[in-house]
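No lab work stands behind these numbers, since they all come straight from the coordinates. All figures in this text were calculated on a predicted structure; none of them were measured in a lab. Here the Cβ positions follow ideal geometry from the backbone for every residue, glycine too, while neighbour counts run over all protein chains shown.
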Amino acid sequence: MKQKTFFTHALLLLIAMLLPVHGSFAAGAMNVDDADLLGENKCQLETWNTFNRGSTERWLNPSCNLTGNLEVSWGNAWQRDGRGLFLSGSQLQAKTLFQKLDPNGYGMGLLVGAGKQIDSDDEVRQRSWNYFAKLLTTFSFRDNDVLLHTNLGFNRIGKDKTTQLTWGIGNETVLTEKLTFIAEVFGANKGKPSYHGGIRTILIPEYVEMDLTYGNTFGVETKDRFVVLGLRFISPEF
C-alpha cells in the first residue's frame, strides 16, 4: 500500500511538471556537480523547467548506477520556436569516483560527456556537438550538513569550434530536516561568471525532492536571469 501511494504521488508530481507553465520564468538544474553517486542499483529521474527571458526550456534527465562506481545519465531538453516544439538539446554523460565521500572527509571524481545542441531562429535549426569533462571535488563538514563542491574542466563548443576552460564552486547547507540551501558560482576563462541559488525541499523522504532557484550572470542586470523549478525522483534499490 505504501509503495502504491509513493508511485501515485510521484506520477502526479511529474505530470504537473510537464504541463505548460505560464509566467515570466521557470527552472533548471545546478551547473556544479558533486563528487558523489547514486546508490548502487538505483536510478533517478530529474525534471525541471527553466524560464529565461523570452524562452522556456523543459528537461528530462534519467540516470542510473548499476555497477557501484559508474553513474550514467541521458538528458533531453525541449523548447518552442516559430515552428513549434522541438528537441533543443540532448546530453549523455558518465561520472565515476576516485575517492568515496565520507562524512567530514572529501570525495573526488571525474565526469565526462557529450551533448547535441540545436539553435533556432524560428526558421532554421542548426545542430552542433559539444564535448566536456570535469574534475569533481566535494568536502564534507558537520557530518554532511555542509558540503562544498569544486569543479575544474573544459568544454569543447562545436558551434564556435572553440575550447573553454570551465570552473565552478557550489554549496549545500542543511537548514532543517527537510530544507537545504543550495548555491553555486560558475564560469569559464572567457566571459562573465554566473550565480545560481535557492532552496531544496524533501517532499517524500528518500524518494522525491524539489528545487526552487534563481540565477543570473554577474554585471548584466536582468538580461540573463532565470528561475528554476525542478523535481528529483529517486527509485528504491532493485
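In whole percents, the pair-distance distribution calculated for the range 27-69 from its alpha-carbon pairs, binned every 5 Å from zero, is 6, 19, 20, 22, 15, 10, 5, 3, 1. Going by a ≥ b ≥ c, the root eigenvalues of the Cα gyration tensor, does the range 120-184 fall in the rounded group (a/c under 1.5), the prolate group (a/b larger than b/c) or the oblate group? Oblate.
With 10 angstrom as the radius, rank Phe51, Phe238, Phe139 by how many other C-beta atoms surround their C-beta, starting from the fewest. Mind dumping the intermediate values first?
Details: Phe51 21, Phe238 8, Phe139 15.
The most exposed by this proxy come first: Phe238, Phe139, Phe51.
When the pairs Lys95/Lys178; Lys161/Lys223; Lys95/Lys190; Lys116/Lys161; Lys116/Lys223; Lys95/Lys223 are compared against a 23 Å limit on Cα-Cα distance, Lys95/Lys178; Lys161/Lys223; Lys95/Lys190; Lys116/Lys223; Lys95/Lys223 fall above it. Where (1) 18.3; (2) 18.8; (3) 20.9 are the candidate values, the label of the one calculated here for Kirkwood radius over Cα pairs in Å is (2).
Nearest 500 deg cm²/dmol is fine: what mean residue ellipticity at 222 nm does the chain get from its DSSP H runs of n ≥ 4 alone, each adding -39,500 (n - 2.57), divided by its residue count? Don't skip to the end; give the middle numbers.
On the way: 1 runs with 17 residues, N = 238.
Helices in the chain give a 222 nm mean residue ellipticity of -2500 deg cm²/dmol.
What does the charge count around Thr201 come to, taking other residues whose C-beta lies under 9 Å from its C-beta (Lys +1, Arg +1, Asp -1, Glu -1)? Mind dumping the intermediate values first?
Working: positive: Lys178, Arg200; negative: Glu209, Asp211.
Here the charged neighbours net out to 0.
Note on Arg83, Arg225: ascending count of other Cβ atoms within 10 Å places them as Arg83, Arg225, the fewest first. Zone of Glu177 (label point 7 Å along Cα→Cβ, backbone N under 18 Å): which residues in the range 196-238? Hits in the range 196-238 for Glu177 at 18 Å: 200-210.
In whole percent, what relative contact order does the range 2-234 give with Cα contacts below 8 Å and a gap of six or more residues? All intermediate terms of the calculation are to be shown ahead of the outcome.
On the way: 630 pairs, mean separation 42.0, N = 233.
Over the range 2-234, the number comes to 18 percent.
Positive end of the dipole of the chain, charges at C-beta (+1 Lys, Arg; -1 Asp, Glu), about the Cα centre: which of Ile234, Asn189, Asn69 has its Cα farthest in that direction? Going by the charge dipole, the pick is Asn189. Within the shell of other residues whose beta carbon sits under 11 angstrom from the beta carbon of Asn155, the net charge comes to +2, with Lys and Arg scored +1 and Asp and Glu -1. By the count of other C-beta atoms within 10 Å, a proxy for reagent exposure, Glu206, Glu40, Glu71 are ordered fewest to most as Glu206, Glu40, Glu71.
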